[in-house]
1. Does B:W86 satisfy the criteria of being of a type in the set (F, W, Y) and in contact (Cβ under 8 Å) with a residue 12 or more places away in the chain?
2. Every residue in segment A:460-484 that is surrounded by fewer than 14 Cβ atoms within 10 Å (Cβ to Cβ) and either under 20 Å from A:K416 (Cβ atoms) or of a type in the set (F, W, Y) (or both), please.
3. Checking the structure you have, find out if any residue of segment A:354-372 is at the interface with chain B (Cβ under 7 Å from one of its Cβ atoms), of a type outside the set (A, V, I, L, M, F, W, C) and under 21 Å from A:F480 (Cα atoms).
4. Are there helices (runs of 4 or more DSSP H) fully within segment B:11-112 with at least 1 residues that are at pLDDT 85 or above, more than 8 Å from every other protein chain (Cβ to nearest Cβ) and out of contact with any strand residue (DSSP E or B) (no Cβ under 6 Å at 6 or more places or on another chain)? List them.
5. In segment A:67-150, which strands (runs of 3 or more DSSP E) lie fully inside it and hold 2 or more residues that are touching a residue at least 60 places away in the same chain (Cβ under 8 Å) and not charged (D, E, K, R)?
6. Please indicate, with yes or no, whether at least one residue in segment A:298-317 is at pLDDT below 85, among the aromatic types (F, W, Y) and surrounded by fewer than 20 Cβ atoms within 10 Å (Cβ to Cβ).
7. Within the group A:W493, A:W457, which residue is surrounded by 13 or more Cβ atoms within 10 Å (Cβ to Cβ), of a type in the set (F, W, Y), more than 12 Å from chain B (Cβ to nearest Cβ) and on the phi < 0 side of the Ramachandran plot?
8. When you check A:Q412 against the structure, is it polar (S, T, N, Q) and either in contact with a Cys (Cβ under 6 Å, 6 or more places away or on another chain) or crowded, with 19+ Cβ neighbours inside 10 Å (or both), yes or no?
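The values are calculated or read from the model by the stated rules, or taken from the named source; none is laboratory data. Fair warning: this is a prediction, and the values are worked out from it, not measured in the lab. Positions of Cβ are generated from backbone atoms using ideal geometry, with glycine treated the same way; all protein chains shown enter the neighbour counts.
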Amino acid sequence: MPGRFVCIWFCHLTTDWQVLRRPDLKNIPFVFAAPDHGRLLITSSSPPALLQGLYPGMAVADAKAVIPGLEVIDEVHGRAEKLLKGLAEWCIRYTPVISMHLPDSLILDASGCTHLFGGEQAYVDEIIRRLAQMGYTVKAGMANTIGAAWAVSHFSTNTTIVKTSDLSRALVPLPAAALRLEQTALQRLQKLGLRTIGSFITMPRSALRRRFGQHLLLRLDQALGNEDENLEPVKLPEPYHERLPSMEAIRTATGIEIAIQQLLQKACDRLRKENKGLRKALLRCYRVDGKRIEVGIGTNRPSSSVTHLFKLFELKIPTIEPALGIELFTLDLPKVEEMPLVQEMMWGKDSGLNDPEIAELLDRLAGKVGPETIRRYLPVEHHWPERSIRVVSSLKDKSAIEWRTDKQRPIQLLPKPATIEVTAPIPDYPPMMFRYQGKLHTIRKADGPERIEREWWMDHGEHRDYYQVEDEEGKRYWLFRSGHYTGDQGQQWFIHGFFA
Amino acid sequence: MHGARKDIISELKKSILRLQGFKPLAEEKTMFNGLDAIERAFPNSVFPTGAMHEFLSTEPENAAATGGFIAGLLQTLMLQDGTCLWISQSRVVFPPALKAFGIEPDHVIFIDVNRERDVLWVMEEALKCKGLAAVVGELREINFTQSRRLQLVVEKSGVTGFILRKDANKLSTTACTARWKISPLASVSEEGLPGLGFPRWNVELLKVRNGNTGQWKVQWSAGAFSPVSEVISEIVIEDVQLQTG
């Protein structure tokens, strides 16, 4: 049975994508431009711009002479390929074999797929409709060969489905460019007046070869089906997915544990073969009554160790409610990363924060009490005490600056400074006594003042003059006065921390 | 005859202690610089590292002094890139201050949990991990069974555990190896310089398993502990004269 190929031509691939991103550009002429030999040349134009005559290959300066207010956007190299690849991966729902045909076409091998959609016409109509819904204008053509499908999609007026018997008859009225020929051959055909394929399709082959080269004959044969043309299908990444159906519905915790063990075993075997480790795993349990329960775990480092991952799931098993029973378990790995090779780990520093045992411990803790409870602090360049540290959640972050050792800081810092009452302060001297939480402390020794100015670019307020004081029992405190000494009793004094 | 008997008894004592997990150090050196007098109170004259230590404190000032003392101990325990876990319900420890005690504050991982029993659970899980140098947990109270569980865990894993008990009013027997109480002492500045001197504490060992209790004065200066004897300086602190620097 001969194959059936569908060619989808994205008439304005990059500009349609841009309109999706910026809806305000919908009916405005705009172009993409890229530098070439010192000038900016148009690489693609939107439909309104094409109507005005701005074709790809034209200089932007000339285009701006035609439309003074033309919007020119820089083309990013490789964007069209990426878009096409994404669309190819989306089209997997129509056929398993898809190939990209640069610059802006996709070839689908639809042999045996069309009956699932209710016939060839319905198949092609469905593709066009869905892509139009997404915002892309496309034209499609279907034929027995790739060459013919490409020709028909690009150069016929509307969607054509070429029947097997009609192949040469469909190709005859199309222009010569429909055969994907090179520029030289096309120009020569033009000069000789051979405008349509029909004008030279019946000529003797040796004459064609002598004038236009072997390539024209190759393309003609490929279009007619006499030569084979090979597709390079797009390789789709296989998702990491394991399934475990069970004959009877599972209702006990032991059953769930066994199911998780088996799924993890299969998943980790595959990961180990590919030298990867998982960072996130999602377990789905499908119950008999139709409900679906999802349980997810995450790790700090890519891991493919069944024991460690099972321990993480073990913490969550009590939350799974089997009710009448679970009949299907699936395990998906949404986030997978390269695993550093075992040899690397032997030479690298495995102690301290790089210790994998510590990472596994933190995974377990995160599973039970939540990842936001785990904090590491790094110094930052702020002298305001509350802001001099920042929280990081990974074990690998290192700070660019060193911890400061010049100023003494209290071992315990109150979350918010608490007001205290002081007696008879003298300018620039610490108070003689202060009352905090009902207790009176007489100050025997003091260090200071250390003036810390507010960082005016971050917030407003008074500066602080900090004093380290020690009372008669030897207890050491960190006090501060907010603002300048004003001599009246309304002065604000606070306690901020306790020294060791 | 008596001498031989004494030797036999001390040998037997040493082997019993070894069976119980108190390993003697190879040389006759103490583990922490400057804590010789305190270490001698422990069996085998060595600070027990794979064990649980309990610290009592009622007021936040005592808790701060305890935090400082523990930070000084952590400096030796965390040599060579060790990591420490500090578990509590509310964050009061200020990491930049730990640098003054010789620890790299980014090698300390802080865990702030919501509930009291989560602190115990996290501590137990952390003590099972051999890669950690030490684990510090701030609790309100701990009963005998819980402390025995933790003690059994550390005996197997060899991680040192410190418990800070903030509500020392409800005292009960615990299975910890040692029970300490640290309170701040008036500091003495050297050579009459104005201002505060080095931090100084009164360290009391209230209970020691197979050891002697005692009370010592210790100060932290020049990056290490140093014992303080009663009469050292001629400086007399006068009540009236305030000195600031």
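1. Judged against the criteria, B:W86 is a match.
2. Result: A:H460, A:G461, A:E462, A:G483.
3. No - not one qualifying residue is present in segment A:354-372.
4. Working: elements: B:36-39, B:60-77, B:95-98.
Fully inside segment B:11-112 and qualifying: B:60-77.
5. A:98-101, A:105-109, A:138-143
6. There is no residue in segment A:298-317 that is at pLDDT below 85, among the aromatic types (F, W, Y) and surrounded by fewer than 20 Cβ atoms within 10 Å (Cβ to Cβ).
7. Numbers: A:W457 fails: surrounded by 13 or more Cβ atoms within 10 Å (Cβ to Cβ).
Matching residue, one of A:W493, A:W457: A:W493.
8. Working: polar (S, T, N, Q): yes; either in contact with a Cys (Cβ under 6 Å, 6 or more places away or on another chain) or crowded, with 19+ Cβ neighbours inside 10 Å (or both): yes.
So A:Q412 passes the test.
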